Structure formats: structure tokens, C-alpha cells
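Below is one structure, written out as C-alpha cells; the observations come after it.
The values are calculated or read from the model by the stated rules, or taken from the named source; none is laboratory data. Note that the structure is predicted; figures quoted are calculated from it, not measured. Don't worry about glycine lacking a Cβ; one is built from the backbone with ideal geometry, like all the others, and counts go over all protein chains shown.
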Amino acid sequence: MYATRVRRRLGVRLAGANGFARGLFPVLALSVVLGSLLTACGIRDPSPPPTPARPSVAVKVVDKILIPGAEFIIVDPRTHAVYVSDEEGTLSVVATSTHWAVKSIRLGEAPDALAFDSGAGRLYAAFDGRGRDFGTVLVIDTHSFEAVDTIRIGKGGSLDGLAVDPPTGRLFVVHDNELSVIDTGSRTVIRSMSIRKGADGVALDSDAGVAYVSGEQQVLAIDTKTLDVRDVIDVEISGRMTVDSTTGHVFLGDQAGSLTVIDSTTRKVVKTITVGGPYGPSQVVIDSSAGRGYVTGGSGQTIGVFDTKTLEVVEEIARPDGVEWNYWPLAVDPSTGLLYIGSQKSILVVARNSPE
């Protein structure tokens, strides 16, 4: 559902490499001709220099989880269980000891966002409510693996972000240009606020008590306790976000090949990282224990790896032969260093430190 919507919004061609090459060839030919004319006239080519090639590393696929069409993957850092929702609307819990699904629940439709509170043992699956008068958040008990409640949120429309803040017990939902804050104890909406320029994503720094909400050319820093806006950060893009509480960086992906980095202390943009390919970044996952960030690209060809301290891209993980990655399902287990990468037919379990 959500991954399909991303493809449609970006206008990505899915006809395969040959179709893309046919469309690209005339552009390349024109570039060559223009470059020759500029050189003949003594005019320097104003285009920027090409991005330096980055080392591409092969990785060892140590196992596969036989769940096709994964759209969201979450690893519980306490129990190391893996939660997967697929495009058919099935939510499964996978035991990492066997990498087999041990329990599944039918949600009725594929969720548009998924969030997890390990301490409370709760999964939250959000649905945009298109075709209905309201959106919903389904509350799932991870012990019984049963739905225990449904929370209504606003009117039906787009749903662009979901994040849970364990210290305050609050769930932040971005939908239809609005931010709704839910108290997970009473399971009621306690605050709704319009986002002036259109909400596009939410990420939480629970240690600092700040929720970051992305809109068009701005990021709001909101106090998770008072729900007051602490700051408005000017940016040139909008997109989905990830927070690294260890380094204090907020990462904002624009789905146009770059990642904007915001310093959470100064609330200023400190760097832009070129990563994610022409249609990414689609998802950014931080492994604070290893000091690495992983970026999936919209083209589904490689996964960029950057150093979370230097903010430099250090390598790209090459796609294994015969495997077609999805657009953005990715998770990491910091204690084992294993990556879980969604592909069309299964979820690849990758040993990051075991090159082939």
C-alpha cells in the first residue's frame, strides 16, 4: 500500500532496465553533443563533476524469511523478534532463532504506517481511512498477538507518519496535513494541530523530549510533554525523517537523491549527503552501536552506508544476484549486526560483517 503509493507519486518506471535505458539514451546523446559544442567554443561545461565512485561490497545472505511483499519490518531490540507487515495486510512475528513466522494476524488491509513500543508490548498499525470518514490506529498486544483496540483519528486522507514516545506514552500521527497526538493509556486523541505547510513525516528524539514534524520546506520541533512548538527549522525539502539520539542528528530524506542532516542542538542544517539514488532515500535506518546509517534507494539497486559521526558515505551494499529489492523495507538488529532487507519474494537476512 504505502510502497505502492510512493512508486505512483514518484512516477517511477517499473518496466525493467531495458525500458529505462531506452528512455535514457536520447538524453545521454544530447548531453554528449552539447558538451562537444561547448568545448569547441571554449566554454566550460557548467555541470557539476560526477560523484566519486564508492566501494560496492558484497554481503552474505545467511538466511531468508519466506514472507513476500514486505512493506514494514521492525526489530524488537529487547526480544530480537522481527515484526513484518506485507502488502496483503498480514502482520507476522518472526522468531530470529529459526527465522520462521510463529504467529500471524490478518489486519484486513495493508497498514500505511507501523510503530512499536517494546516496553509496553504494543504494536500500532495506522490506516489512512481513504474511502471512509476517518483514519484509524489499530492497537495490537505483542504477547497475545491480538488486536485489543481501534482508535479513530480525524478525517480520512493521506497518512504520512507514525511514531511512539515511550516516556510520555504518546503516539504521534501525521495525517492529512494534521498532527494528532494520542494518549496510549486512555487511547484517545488529546491534541490535534494543523501543519501550516502540510505534514509529511514525524520522528522522535525521546531522550531530548522532542518530536520533529516535516512539512514543505520546514521542520517543526515540538515538545513531547507540553506539545508546544519549540522551534521552526527552515529546510529546502520535505520528506520522512529518522533521529539518531546518540549523535543528535536528524535525517531528512527528500526522495531526490540526498539526505539533509539537522543538528538537534543548534536546530540548523549542517550537511547534505548525496545518497539514495535518483528516487531515494526511501528509508533511513540508524545502527547507533555500530555508528552506521543505512539508506535504501527508490531504484532498489543498492543500499548506501554512511558513518553517523563523519556523515560521509563509506560504501554501498550491492544487490545480490537474482534478487529484486523492494523500495524501502529495511531493519537492523544492533545486537547481532544482522540486516533484514525486504525483497519481492522474501526477506533477506544479511550478515553485515561477513563479505562473500
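Hey, among the residues in the stretch 208-241 that are of a type in the set (S, T, N, Q) and touching a strand residue (DSSP E or B) at 6+ places or on another chain (Cβ under 8 Å), which one's modelled with the lowest pLDDT?
As a first pass, look at the stretch 208-241 and keep what is of a type in the set (S, T, N, Q): 214, 217-218, 224, 226, 238.
Remaining after also requiring touching a strand residue (DSSP E or B) at 6+ places or on another chain (Cβ under 8 Å): 214, 217-218, 224, 238.
Working: Ser214: 90, Gln217: 85, Gln218: 90, Thr224: 97, Ser238: 76.
Out of the qualifying residues, it is Ser238.
For the stretch 228-237, state whether one or more residues are in contact (Cβ under 8 Å) with a residue 40 or more places away in the chain, outside any loop (DSSP other than H, G, I, E, B) and under 21 Å from the mean Cα position of the chain (by Cα).
no
All but one of (1) more than 21 Å from the chain's Cα centre (by Cα); (2) over 23 Å from Ser206 (Cα atoms); (3) touching a residue at least 60 places away in the same chain (Cβ under 8 Å) hold for Glu87; which doesn't?
Tallying (1) more than 21 Å from the chain's Cα centre (by Cα); (2) over 23 Å from Ser206 (Cα atoms); (3) touching a residue at least 60 places away in the same chain (Cβ under 8 Å), Glu87 fails exactly one: (1).
Is at least one residue of the stretch 196-207 of a type in the set (S, T, N, Q) and either in contact with a strand residue (DSSP E or B) (Cβ under 6 Å, 6 or more places away or on another chain) or crowded, with 22+ Cβ neighbours inside 10 Å (or both)? Let's see the steps before the verdict.
Step one: list which residues in the stretch 196-207 are of a type in the set (S, T, N, Q), which gives 206.
Now restrict to residues that are either in contact with a strand residue (DSSP E or B) (Cβ under 6 Å, 6 or more places away or on another chain) or crowded, with 22+ Cβ neighbours inside 10 Å (or both): 206.
Yes, there is a match, as at least one residue in the stretch 196-207 is of a type in the set (S, T, N, Q) and either in contact with a strand residue (DSSP E or B) (Cβ under 6 Å, 6 or more places away or on another chain) or crowded, with 22+ Cβ neighbours inside 10 Å (or both).
Would you mind stating whether Arg78 is free of Cβ contacts under 8 Å to residues at least 24 places away in the same chain, exposed (fewer than 15 other Cβ atoms within 10 Å of the Cβ) and either of a type in the set (Lys, Arg) or under 14 Å from Tyr340 (Cα atoms) (or both)? Working first, answer last.
Numbers: free of Cβ contacts under 8 Å to residues at least 24 places away in the same chain: no; exposed (fewer than 15 other Cβ atoms within 10 Å of the Cβ): yes; either of a type in the set (Lys, Arg) or under 14 Å from Tyr340 (Cα atoms) (or both): yes.
Here the answer is no, as Arg78 does not meet what is asked.
How many residues does the stretch 263-313 contain that are hydrophobic (A, V, I, L, M, F, W, C) and over 15 Å from the mean Cα position of the chain (by Cα)?
Restricting attention to the stretch 263-313, the residues satisfying the condition of being hydrophobic (A, V, I, L, M, F, W, C) are 269-270, 273, 275, 284-286, 290, 295, 303, 305-306, 311, 313.
Filter again for over 15 Å from the mean Cα position of the chain (by Cα), leaving 269-270, 273, 290, 306, 311, 313.
The number of residues fulfilling the criteria is 7.
Among the residues of the stretch 174-201, which ones are modelled with pLDDT under 95, under 21 Å from the mean Cα position of the chain (by Cα) and not in a loop (DSSP other than H, G, I, E, B)?
Passing the criteria: Val174, His175, Glu178, Leu179, Ser180, Gly201.
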